[in-house]
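The structure under discussion appears below in the form of structure tokens.
The values are calculated or read from the model by the stated rules, or taken from the named source; none is laboratory data. Being a predicted model, the structure only gives us computed values, none of them experimental. Cβ sites come from the backbone with ideal geometry, for glycine too, and all protein chains shown count toward neighbours. For accessibility, only protein heavy atoms count, side chains too; no ligands or nucleic acids. Shrake-Rupley method; radii C 1.70, N 1.55, O 1.52, S 1.80 Å.
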Amino acid sequence: MMSWTPCALERARLWVYKTANQWGERAETQNTMSTNKNLVRIQAATQKYSWGRQGSSSLAAQLAYNAIGHDFKIDENESYAEIWMGTHTNGPAHLYDDPSKPLLSLISSDPKFYLGETLLRKWPSTTHIPYLFKVLSIAKALPLQAHPDKGLGEQLQLKDPSNFVDANHKPEIAVAIGEPLKTARERAAQSHGDEQEVGGGEDTAFTGFVGFRPLEEIRGFIEAVPELGEAIGDSQLVSSFVQNPSKDALRRIFGKLLKRGVEAREEVAKTISQLQDRIKQSGGSLGFHDSDELAKLVLKVNKQYPGDAGVLATTFFMNFAKLRKGESIYIGADEIHAYLEGDIIECMAISDNVVNAAFDSPDSLASQVDTFVDMLTYTARPVSHWSLPAQKYEHSKLGRTVKYDPPLEEFTVLGTFLSAKKAREEHLGAVDGPTIGIVTRGKVKISSKKGDQVELLVLDQGAVVFIAPKNEVRVEILEGRGQDEAGEVWWSLFGA
């Protein structure tokens with residue numbers, strides 16, 4: 001294996017920098033023969049949900065000025081939850097310079113150019129980008145949910161096309177990208193009063209409920225917290241699980257709890273209220289070793305969704321994930337989850353299919369709970385099972401980009417980290433499929449090069465870009481943010 005001396009490495013970096021600068025000079029002066037652009041600024045879509053962070057505290061709102069357009073105005077009374085970047089029907093991107101034209105129309109005008117031959121061979125019946133790229137800004141728990149596999153997605157669309165507009169599966173990843181929650185909570189406390197602080201260290205940037213805890217752990221909670229058995233409302237089922245924990249037994253007791261949360265909501269709410277009173281009377285504990293965090297979770301989630309069965313379903317049955325900035329989790333199809341707090345990059349196979357079972361109105365949940373209970377995998381493992389570590393990205397020339405590579409065909413997510421002080425640029429090799437990028441921090445210059453065709457865009461924080469296949473990409477920071485003068489660009493791509 002070749003080894004690089006510090007001098008040789010520096011010479012290589014200077015060569016890349018010189019070549020990259022030549023790209024920029026040529027991009028400003030070159031007239032290309034092709035009418036298709038390799039580098040296209042796009043207009044994203046926003047989604048407002050009640051769980052989103054409010055007003056200017058939302059990262060989604062902060063980015064929207066450049067992601068959506070300069071006409072976007074923040075309403076401090078609105079909750080801004082998501083920015084969508086892709087071609088899905090429920091929130092399609094458009095061309096930034098021609099907002100009446102959907103990105104999908106541009107792609108459909110020349111699929112081979114904009115998607116690449118590899119993607120077209122794999123999915124010849126569509127011109128959609130195979131992934132949906134998002135930024136989420138989360139203030140409180142999302143509905144307790146799971147996303148169907150392909151077979152169930154097809155069944156649900158046939159049965160209820162108004163709520164399931166596509167037939168695809170929806171495995172996803174979430175990468176923490178926000179400031180530490182402690183900082184955000186202190187700011188929220190100053191503005192809105194008390195904020196229940198739960199979980200993680202000084203640098204925890206995201207929390208959420210992910211997958212089922214190990215069976216023995218769940219059994220221990222059922223034995224230690226009598227209110228759980230009361231809420232489930234079937235002593236025989238509870239006894240059967242305690243005596244012999246299994247996936248099937250878990251499905252039965254968990255399903256019973258969720259169904260009673262809809263059908264006997266007042267009884268379940270009364271039990272949760274009694275549990276809350278007991279925690280408060282005991283000084284914030286459940287009365288057994290290491291239960292303080294669980295007690296805080298009960299109080300926090302019950303404040304958000306009073307009396308909801310999801311308070312018990314998440315706290316005592318599911319893993320509580322805590323991510324630092326840059327850490328990630330992978331949620332496969334039919335896996336249970338409910339994100340709780342923080343700013344994340346999210347990417348999934350192109351779909352908007354979701355089945356909910358808690359943290360929503362009983363009327364909405366009534367038609368979904370049976371499907372939810374039947375669809376879950378009931379994988380019961382430690383939280384580390386869902387971890388998706390960042391890896392070295394083989395197409396990064398200067399080592400300033402990492403990849404998150406889930407076990408999927410549809411996408412890989414990248415994070416590029418720059419600094420105006422010491423790491424001003426990155427150079428990424430070409431890939432076989434389409435790329436979407438969003439600048440989440442700072443101001444950058446992005447150049448693309450395919451053959452003799454060179455293009456350039458200057459993008460400020462929040463701006464979103466589509467890059468056609470087979471392009472080398474150079475990113476240079478123009479303005480950093482914060483004490484470290486940092487710049488960040490997040491990408492989703494096919495064909496790496």
**Fill in**
A chain fully extended from Ser246 to Gln281 at 0.36 nm per residue, minus the present Cα-Cα distance, gains in nm 9.2 nm
**Message:** Using the basic label-point model (7 angstrom from Cα toward the beta carbon), what is the Glu202 to Glu154 distance in nanometres?
**Reply:** 5.4
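May I ask which of Lys422/Lys449; Lys270/Lys303; Lys422/Lys443; Lys397/Lys449; Lys322/Lys392; Lys397/Lys422 have a Cα-Cα span longer than 20 Å here?
Lys422/Lys449; Lys322/Lys392
Give me the Kirkwood hydrodynamic radius of the stretch 364-459 in Å, from all C-alpha pairs, to one decimal place?
Hydrodynamic radius (Kirkwood, Cα only) of the stretch 364-459 equals 17.2 Å.
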**Prompt:** One-quarter of the Cα convex hull surface for the chain, in nm²?
**Reply:** 25.6
**Rg and Dmax of the stretch 181-386, Cα atoms only, in Å** = 16.7, 49
**Å² per residue, accessible surface of the chain at 1.4 Å** = 43
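As an exercise, use a Förster radius of 30 Å and the Cβ-Cβ distance of Glu266 and Glu179 to find the FRET efficiency, rounded to the nearest 0.05. Mind dumping the intermediate values first?
Working: r = 40 Å, r/R0 = 1.32.
Plugging the Cβ-Cβ distance into 1/(1 + (r/R0)^6) gives 0.15.
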**Request:** Compute the FRET efficiency between Thr377 and Arg121 as 1/(1 + (r/R0)^6), taking r as their Cβ-Cβ distance and R0 = 35 Å, and round to the nearest 0.05.
**Result:** 0.70
**Message:** Between 0 and 90 degrees, rounded to the nearest ten: what's the tilt of helix 150-159 against the longest Cα principal axis of the chain?
**Reply:** 70
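On full extension of the chain, what length is gained from Asp71 through Ser100, given 0.36 nm per residue of separation minus the C-alpha to C-alpha distance?
Using 0.36 nm per residue and subtracting the Cα-Cα distance, I get 8.9 nm.
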**Prompt:** In degrees between 0 and 90, to the nearest 10, how far off the longest principal axis of the chain does helix 6-29 point, with axes built from Cα atoms?
**Reply:** 70
**Request:** Kindly express, to the nearest 10 degrees and within the range 0 to 90, the angle between helix 265-281's C-alpha long axis and the longest C-alpha principal axis of the chain.
**Result:** 90
**Message:** Just to confirm a number: summing +1 for Lys and Arg and -1 for Asp and Glu over residues other than Ala67 whose beta-carbon lies under 13 angstrom from that of Ala67, what do you get?
**Reply:** -1
**Request:** Give, in nm to one decimal, the length gained when the segment between Ser387 and Asp363 is fully stretched (0.36 nm per residue of separation minus the Cα-Cα distance).
**Result:** 5.2 nm
**Request:** Please report, in debye to the nearest 20, how large the charge dipole of the stretch 249-370 is about its Cα centre when each Lys and Arg carries +1 at its beta carbon and each Asp and Glu carries -1 there.
**Result:** 460
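So which of Lys101/Lys134; Lys421/Lys445; Lys37/Lys112; Lys280/Lys300; Lys73/Lys445 end up more than 18 Å apart, counting from Cα to Cα?
Exceeds cut-off: Lys101/Lys134; Lys73/Lys445.
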**Request:** Can you send over the solvent-accessible area of Asp460, 1.4 Å probe, protein chains only, in Å² to the nearest 10?
**Result:** 50
**Request:** Would you mind counting up the charge near Arg474? Only other residues with Cβ under 10 Å from its Cβ, with Lys and Arg at +1 and Asp and Glu at -1.
**Result:** -1
**Message:** Let me spell out the model: positive unit charges on the Cβ of Lys and Arg, negative unit charges on the Cβ of Asp and Glu, origin at the Cα centre of the chain. What dipole size does that give, in debye rounded to 20?
**Reply:** 1160
**Fill in**
Computed over the stretch 293-376, the convex hull of the Cα set has an average projected area, in nm², of 6.4
**Request:** Can you tell me which of 122-128, 331-337 comes out highest on packing, and rank the rest after it, using the mean Cβ neighbours within 10 Å?
**Result:** 331-337, 122-128
**Prompt:** When the accessible area of the stretch 181-386 is split by element with a 1.4 Å probe, what percent falls to carbon and sulfur?
**Reply:** 43
